[in-house]
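Below is one structure, written out as structure tokens; comments come after it.
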Amino acid sequence: MIRASIAALLLGTAASAQDIPPGAFTESRAAPGLTAPGEIIIDRAGIPHIYAANAHDGFFLQGYAVARDRLWQIDLWRKRGLGRLSASFGPDYVKQDRAARLLLYRGDMAAEWAAYPAPAKAWTEAFVAGINAFIADVEAGRAPLPIEFSATSSRPERWQADDVVRIRSNALIRNIPDEVARARALCGGDVKYEPLRRQLEPAHRVSIPKGLDPCSIPDNVLDDFAAGTADVRFDGQKLVVASLDPDAQEGSNNWVIAPSRSATGRAILANDPHRAHAVPNLRYLSHIDTPELKIAGSGEPALPGVSFGHNEDVAWAITIFAIDQQDLVVNPKATKLIEVRETVEVKGEAPREVVLKFSADGPILHEDPASGRSFALRATWSQPGASAYFNASWAWTARSWDDFLFARDHWGAPPLNLLFASRSGDIGWAPGGFVPKRSSGDGLLPVPAGTAHRWTGLLDARLMPVKLNPAEGWIATANEMNIPAGYPHLLGLEWADRSRITRISEVIAARPTFSLTDAMALQNDATSPMARRAVALLQGLAGRDDNERAALKLLQGWNGHEGPDSAAAALYEIWAARHLPVSAVKAIVPEAARRSFGRTSIGNILPVLEDGTLLGPDPGAVRDGILLSSLGPAFAEVQRLLGPDPAKWRWGALHRADFQPALPIAGRDAERRVGPVPIGGSGSTPMAMGTGSDFRVVSGASVRLVMDVGQWDNSMAINTPGQSGDPASPHYRDLFPRWATGQYVPFPWSRSRVLQEAERIIRVTP
């Protein structure tokens, strides 16, 4: 009776003809599994606004909408995470499937679901039922099969709720590669050179754990880890994974402005998490409106709900917070291992049996036949409640700071800076994530197995630092070290450099009031404090040849703004990425240690050059030699790339946003490619744009969201290149030009505003 009444109410508020904007299209669909009629209103930006009679139906329709837009993407995500690629793509992928299965959650599922809100399993069951309902439409010919399935002669698979939370390999926890890179650097090297390779905060001297020989770590120790965590790529029709790069950094920004500093008189919360770019994007904007749950924001398309965004009363935002949640454990010869045998389905062949091995510490990533040692991954993601981003479900129903802290206390992975704002005017910061309690050591290097380096549990989340309503009226994070001085617990030591947070802080602090427009501009700010620091070191230098003099002339006095038309930015980035690091390592690190030193970056080099301690008895002369000896070759390289005349150089000629699908399809790639377009910024600007070896943009803001807290209709957002993964959809690439030029679209909240933006209304009945 109650359900029927709610359904009648919903139908009574359904969009009438006069509510629908001119040109909007309506359609009707049946979806067995719904309990009552509902609506999916697609706005002009491709964002689904879901209206349902209850939370079950809300999540069902979200799953249906996601599958409608992203079926190939989420199906591949599931198959990769569960180790089911071989079933669709054949025997070449058995090795990768085995690696992925090593990283699944293998604990008690009842304990796993108990780590989330009580309705979480039911919500997830509804979400996957919606995905499966769309798959049924595809199978019945009521919806088109995405072209990727036809190109690979594969088909989408049905989902179960457990699939969503068992996959841990998307948690963005990457301490292990840093441990291995550090061990290799210390093999034959001196620990004193570590600051040149990786800056640690707070200041910390690396010590080698007792019983560990850094030279004993095999070169291929992380092969399974790389295969199990890397994104899927296609080479022709062969599936491969990208190489694991310990120096690769993905950054994110967020900030919150208190009502006292806001131009609106309300809190403003901004978030632009940065991820690897893909077609389609790794995030998805959506809005669910039901009598018992109303949320809007961005999430991972394969997960229900949103990872960051807002409900009726509070908003929250996320950036990575560098808790060290992993250790590589070295087991001695003859360590007894647990073997698990599983069957891998293989397309076109008989199933294959794979052997997975585990120790008490976790999955065995590598066995070394020569020494008899094995190497285990000890990670917090083996704990119940560590499914990536799923603990955002605690925030969906938060109504106050205390509720938000309760949500933080349940956050597992990935470790995050969680920013908060409420309609009542409160703002706050509360980092969340499982923190291992180590018996000894600092987590910076692999550790021998045994009690001396065991974990004794997890830190009580209530002991994590917090900040509520600071006097300055704002809080910002950008993956920097932001642990308060004197905090007694070891959380992590490997953070992003301070360039982005420096720029964000100086912009916010300089404005007596801060508006929504200011927030959008700052998310697209292309000024690099790191570049300014580097240029400051060049002051007073005199070039020794024409190239050095020309380079100094171009850079000296440059303000660090990396616009797409900047010639100085082109020279600086090539110098900073390809030449200065090589010159610094050659001048500082003894030749015998360079072979194992590995890679470094300007973010590590600048503090060493500024401090001078590692530069010997005449640090000024050594520093000047490093700078000049790298500037000349950098200038010559830019001439080769962009021509002889610096007046015609443009950073955007090298730095281009160019999104190419991972799966080539003959005759269809031109319509599926998005870009290239010149773009500004770099990894050290708030408009963070990570680059590949050719300076093509490979990572950056996945979604930008600016929320007017309490007046949600004023909120603005942008995804890229579009909400849909279907190249035939108008929402496949429509947001890309706006994203590339710093523009946004409305992200409406009220039904009246949603209807004003409506492009398509899908009425769904049971």
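Every number here is computed from the coordinates shown, using simple stated rules; none is lab data. Here the structure is a predicted model, which means the values were calculated and not measured. Neighbour counts run over all protein chains shown; Cβ positions are idealised from the backbone, glycine included.
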> What ranking do 181-191, 541-551, 61-71 get when scored by the average of other Cβ atoms within 10 Å per residue, highest first?
Replying inline: 61-71, 181-191, 541-551
>> Of F736, A203, P156, which is farthest towards the positive pole of the chain's charge dipole, taken about the Cα centre with +1 and -1 on the beta-carbons of Lys, Arg and Asp, Glu respectively?
In response: A203
>> For a protection proxy built on the mean count of beta-carbon atoms within 10 angstrom, sort 671-683, 639-651 highest first, please.
In response: 671-683, 639-651
> Based on the alpha carbon coordinates of the chain, what radius of gyration and maximum Cα-Cα distance (Dmax) apply, in Å?
Replying inline: 26.2, 87
> Can you give me the relative contact order of region 529-654 as a percent, contacts being Cα pairs under 8 Å and 6 or more apart?
Replying inline: 38
> What residue among H561, P273, I574 has its Cα farthest toward the positive end of the dipole of the chain, where the charges are +1 on Lys, Arg and -1 on Asp, Glu, each on the Cβ?
Replying inline: I574
>> Can you report the principal axis dimensions of region 654-718 using only the alpha carbons, biggest first, rounded to whole angstrom?
In response: 49, 29, 17
>> Tell me the Rg and the Dmax, in Å, that the Cα atoms of region 628-673 produce.
In response: 16.6, 49
>> Of G228, V447, I47, which is farthest towards the positive pole of the chain's charge dipole, taken about the Cα centre with +1 and -1 on the beta-carbons of Lys, Arg and Asp, Glu respectively?
In response: V447
> So what are the radius of gyration and Dmax for the Cα set of region 529-654, in Å?
Replying inline: 14.3, 42
> Under unit Cβ charges (Lys, Arg +1; Asp, Glu -1), what dipole magnitude, rounded to 20 debye, does region 529-654 have relative to its Cα centre?
Replying inline: 240
> For the chain, what is the calculated [θ] at 222 nm in deg cm²/dmol (nearest 500), taking -39500 (n - 2.57) for each run of four or more DSSP H residues and dividing by its residue count?
Replying inline: -9000 deg cm²/dmol
>> Taking the 0 to 90 degree range and rounding to the nearest ten, how far is the long axis of helix 602-611 tilted relative to the main principal axis of the chain, both from C-alpha atoms?
In response: 40
>> Given points 7 Å out from each Cα along the Cα-Cβ axis, report the T451 to T35 separation in nanometres with one decimal.
In response: 5.3
> So how do 446-457, 201-212 stack up, highest first, on mean other-Cβ count within 10 Å?
Replying inline: 446-457, 201-212
>> Can you give me the convex hull volume of the Cα atoms of region 581-638, divided per residue and expressed in Å³?
In response: 89
> Debye sum, Cα scatterers, region 601-687, no solvent: what log₁₀ I/I(0) at q = 0.11, 0.14, 0.17, 0.20 1/Å?
Replying inline: -0.56, -0.78, -0.94, -1.04
> From the backbone phi of region 426-436, what are the Karplus-calculated ³J(HN,Hα) couplings (6.51 cos²θ - 1.76 cosθ + 1.60, θ = phi - 60°) in whole Hz, Gly and Pro given as x?
Replying inline: 6, 10, x, 10, 8, x, x, x, 4, 10, x
> Relative to the Cα centre, what is the charge dipole magnitude of the chain, using +1 at the beta carbon of each Lys and Arg, -1 at the beta carbon of each Asp and Glu, and rounding to the nearest 20 debye?
Replying inline: 480
> For the cross-link pairs K95/K336; K79/K121; K79/K357; K95/K347; K294/K437; K333/K357, which exceed 26 Å when the distance is taken from alpha carbon to alpha carbon?
Replying inline: K294/K437
> What area, in nm² and to one decimal, does the C-alpha convex hull of region 234-389 cast on average over all directions?
Replying inline: 15.7
>> Given bins 5 angstrom wide, list per bin the percent of all Cα-Cα distances in region 330-480, short to long.
In response: 2, 8, 13, 14, 14, 12, 10, 9, 8, 5, 3, 2, 0, 0
